Amino acid sequence: MNETYQVGETVTGIYKTGKYIGEITDIKQDRYVIKIKAVLKHPKQGDLHNPNQVDVPLFHERRALSEREKTNVPKAYVKPFEGEVPEYKASLKKALHEEMAHLEDESTEWSKMALNNLKRLEKDYFD
């Protein structure tokens, strides 16, 4: 079932591998334009086409979308959000630390490289 949302509604949206809370600012044929308010899940590191692989041409460092950044999210990846929207920086820190904790539980080369990326991003985000 596809729900229809209106400009001004607060929703969740998945962009690449990150999940965000945002406000719909525009509606396109197959996408919503969402202005980011908070981060629910930090984007996964590495090559999306070769998940959990380290022997790839480029091991991508993926930043979370910025507060108030606008992005196009396919309509299928937009869901309603109810509740209080957390403050952006606090939500970013929580999502980042959850992803780091998950990676620390693994002991693969990929998880080590991804964790190193996240540690660099943590310094950039909060220092």
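The values are calculated or read from the model by the stated rules, or taken from the named source; none is laboratory data. The shown structure was predicted, so the numbers you read here are calculated from the model rather than taken from an experiment. Here the Cβ positions follow ideal geometry from the backbone for every residue, glycine too, while neighbour counts run over all protein chains shown.
Just checking, which of D47, D26 is among the acidic types (D, E) and under 30 Å from W110 (Cβ atoms)?
Details: D26 fails: under 30 Å from W110 (Cβ atoms).
Of D47, D26, the one residue that is among the acidic types (D, E) and under 30 Å from W110 (Cβ atoms) is D47.
Here's the yes/no breakdown for (1) farther than 16 Å from K19 by Cβ; (2) out of contact with any Ser or Thr (no Cβ under 9 Å at 6 or more places or on another chain):
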site: K75; (1), (2): no, no
site: V85; (1), (2): no, no
site: A95; (1), (2): no, yes
site: E99; (1), (2): no, yes
site: H102; (1), (2): no, no
site: W110; (1), (2): yes, yes
site: M113; (1), (2): yes, yes
site: K119; (1), (2): yes, yes
site: Y125; (1), (2): yes, yes
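Please find, within the range 80-107, the residue that is nearest to the chain's Cα centre (by Cα) out of those that are surrounded by 13 or more Cβ atoms within 10 Å (Cβ to Cβ) and closer than 23 Å to T25 by Cα.
Here the answer is L92.
For S111, all conditions in the list (1) outside any loop (DSSP other than H, G, I, E, B); (2) of a type outside the set (A, V, I, L, M, F, W, C); (3) modelled with pLDDT of 95 or more hold save one; what is the number of the exception?
(3)
For I34, state whether it is under 14 Å from the mean Cα position of the chain (by Cα) and assigned to a strand (DSSP E or B). Write out each step before concluding.
Values: under 14 Å from the mean Cα position of the chain (by Cα): yes; assigned to a strand (DSSP E or B): yes.
Yes, satisfied.
Does I21 satisfy the criteria of being aliphatic (A, V, I, L, M) and surrounded by 18 or more Cβ atoms within 10 Å (Cβ to Cβ)? First the steps, then the outcome.
Working: aliphatic (A, V, I, L, M): yes; surrounded by 18 or more Cβ atoms within 10 Å (Cβ to Cβ): yes.
Yes, satisfied.
Has the range 79-97 got at least one residue that is under 20 Å from G46 (Cβ atoms), in contact with a Leu (Cβ under 7 Å, 6 or more places away or on another chain) and not aromatic (F, W, Y)? Break it down into steps so the answer makes sense when it comes.
Filtering the range 79-97 down to residues under 20 Å from G46 (Cβ atoms) leaves 92, 95-97.
The next check asks that each one be in contact with a Leu (Cβ under 7 Å, 6 or more places away or on another chain); those that pass are 95-96.
The next check asks that each one be not aromatic (F, W, Y); those that pass are 95-96.
Scanning the range 79-97, I find at least one residue that is under 20 Å from G46 (Cβ atoms), in contact with a Leu (Cβ under 7 Å, 6 or more places away or on another chain) and not aromatic (F, W, Y), so the answer is yes.
Give me a count of the residues in the range 49-93 that are outside any loop (DSSP other than H, G, I, E, B) and under 24 Å from L103 (Cβ atoms).
Start the filter on the range 49-93 by keeping residues that are outside any loop (DSSP other than H, G, I, E, B), which leaves 70-80, 88-93.
Applying the additional criterion that residues be under 24 Å from L103 (Cβ atoms) yields 77, 88-93.
Qualifying residue count for the region: 7.
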